[in-house]
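Below is one structure, written out as structure tokens; the observations come after it.
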């Protein structure tokens, strides 16, 4: 153009009916077309990332919405243990495989619950039925041992060995019955408020004679009262089992300590010893029934492999837990955590 602007020109040949030929040309300023193209390019450059971001965000929200039932099932499944098998997974009525999966999993949990009930009933019934004949057998052996002074020495030794094994078997039966009742929720009386620190101190004092026989130093710490709501007899059984276990596996001249403190809303019982310790391979299994880290030594010391299992069952029945930190040759630390009394917390704050 005369003003220096470029034109975009398009020509098209055209022939009339009488044979005359024309060329039709259409032109437009190039700067206007370029401006439109630049606007489209800018819009595309700015809009494409936004569209992609919206697509990703929308896809993520849709995915979260679709997977939310799966996450709910996962969370509920993670909370189900052998003590609350009565709970069931949420069923989302979508009519698809997810609904059928939840239903099948609930049926599996129901079968597991029934199996656990049958095992517990069998353990409780078997233990209960064995108590009477064991008591009779134990009494008869004791009577023979008392009146059998004229028997040969080897016969008296046999009777003594049989009586010792009968005592051990009776202890196993009592322990199995206690565990079965605890897991069934039948072994706890109405909980009462008590001073956990005082109970631990008095129990430790009662067991000092056992420690002195092995020249083991038994110390207790915890002068401040720590109140919990629990079954006193069962809680004392926890302290006795842990102290007995610590004294049993601590060599002569060692030390055992027990303390009860309050941390936040929990009462913490700690029993530490300078004993043999537990290997890393055995550590995850120490609370299992009949598990012994050192089977030969445990049998020699009269262990049944049920003491720590009873401790765990009692703690779980009281809404608490028990853990252990140990290393082979470096002793062990057993820690019991129980919910502290709420009134005790208020009193501590006011003080």
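The values are calculated or read from the model by the stated rules, or taken from the named source; none is laboratory data. Note that the structure is predicted; figures quoted are calculated from it, not measured. Neighbour counts are summed over all protein chains in view; Cβ atoms, including those assigned to glycine, are modelled from backbone coordinates with ideal geometry.
Okay, here's what the table says:
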| quantity | calculated |
| --- | --- |
| Meets criteria (in the same structural domain as residue 176 (by TED's automatic domain parsing) and at pLDDT 80 or above) for residue 131 | no |
| Residue that is surrounded by the most Cβ atoms within 10 Å (Cβ to Cβ), among those in region 217-238 that are part of a helix (DSSP H, G or I) and touching a strand residue (DSSP E or B) at 6+ places or on another chain (Cβ under 7 Å) | 238 |
| Scope region 223-240; condition farther than 17 Å from residue 193 by Cβ and modelled with pLDDT under 90; matching residues | 223, 237 |
| Residue in region 24-35 that is outside any helix (DSSP H, G or I) and either under 30 Å from residue 109 (Cα atoms) or in contact (Cβ under 8 Å) with a residue 24 or more places away in the chain (or both) present | yes |
| Counted residues, region 105-130 - those being over 18 Å from residue 306 (Cα atoms) and loosely packed, with under 12 Cβ neighbours inside 10 Å | 7 |
| Close pairs (6 angstrom Cβ cut-off, 6 or more residues apart or separate chains): assigned by TED's automatic domain parsing to the domain that holds residue 220 and in contact (Cβ under 8 Å) with a residue 40 or more places away in the chain in region 263-285, surrounded by fewer than 18 Cβ atoms within 10 Å (Cβ to Cβ) and part of a loop (DSSP other than H, G, I, E, B) anywhere | 277/327; 277/328; 277/329; 277/330; 279/328 |
| Residues located in region 249-276, provided they are farther than 20 Å from residue 239 by Cβ and buried (at least 19 other Cβ atoms within 10 Å of the Cβ) | 276 |
| Members of region 18-45 found to be surrounded by 10 or more Cβ atoms within 10 Å (Cβ to Cβ) and under 60 Å from the mean Cα position of the chain (by Cα), listed by number | 41, 42, 43, 44 |
| Test: residue 202 is in the same structural domain as residue 337 (by TED's automatic domain parsing), in contact with a strand residue (DSSP E or B) (Cβ under 7 Å, 6 or more places away or on another chain) and either touching a residue at least 40 places away in the same chain (Cβ under 8 Å) or surrounded by fewer than 15 Cβ atoms within 10 Å (Cβ to Cβ) (or both) | no |
| Failed item, numbered, when residue 197 is tested on (1) surrounded by 14 or more Cβ atoms within 10 Å (Cβ to Cβ); (2) modelled with pLDDT under 85; (3) under 33 Å from the mean Cα position of the chain (by Cα) | (2) |
| When residues of region 262-277 are limited to those that are touching a helix residue (DSSP H, G or I) at 6+ places or on another chain (Cβ under 8 Å) and in a strand (DSSP E or B), the one farthest from residue 314 (Cα to Cα) | 273 |
| Qualifying residue in region 8-17 (condition: over 30 Å from residue 102 (Cβ atoms), in contact with a helix residue (DSSP H, G or I) (Cβ under 9 Å, 6 or more places away or on another chain) and surrounded by 10 or more Cβ atoms within 10 Å (Cβ to Cβ)) | yes |
| Residue 88 being within 30 Å of residue 182 (Cα to Cα) and outside the structural domain of residue 288 (by TED's automatic domain parsing) | yes |
| Failed condition for residue 139, given (1) within 25 Å of residue 177 (Cα to Cα); (2) outside the structural domain of residue 174 (by TED's automatic domain parsing) | (2) |
| Residue pairs meeting the criteria (Cβ under 8 Å; at least 6 apart or on separate chains; first touching a residue at least 60 places away in the same chain (Cβ under 8 Å), in region 124-146; second outside any helix (DSSP H, G or I) and surrounded by 13 or more Cβ atoms within 10 Å (Cβ to Cβ)) | 124/184 |
| Residue within region 114-132 that is over 23 Å from residue 176 (Cβ atoms) and assigned to a helix (DSSP H, G or I) present | no |
| Unmet requirement for residue 89, which otherwise passes all of (1) over 33 Å from the mean Cα position of the chain (by Cα); (2) outside any helix (DSSP H, G or I); (3) surrounded by 15 or more Cβ atoms within 10 Å (Cβ to Cβ) | (1) |
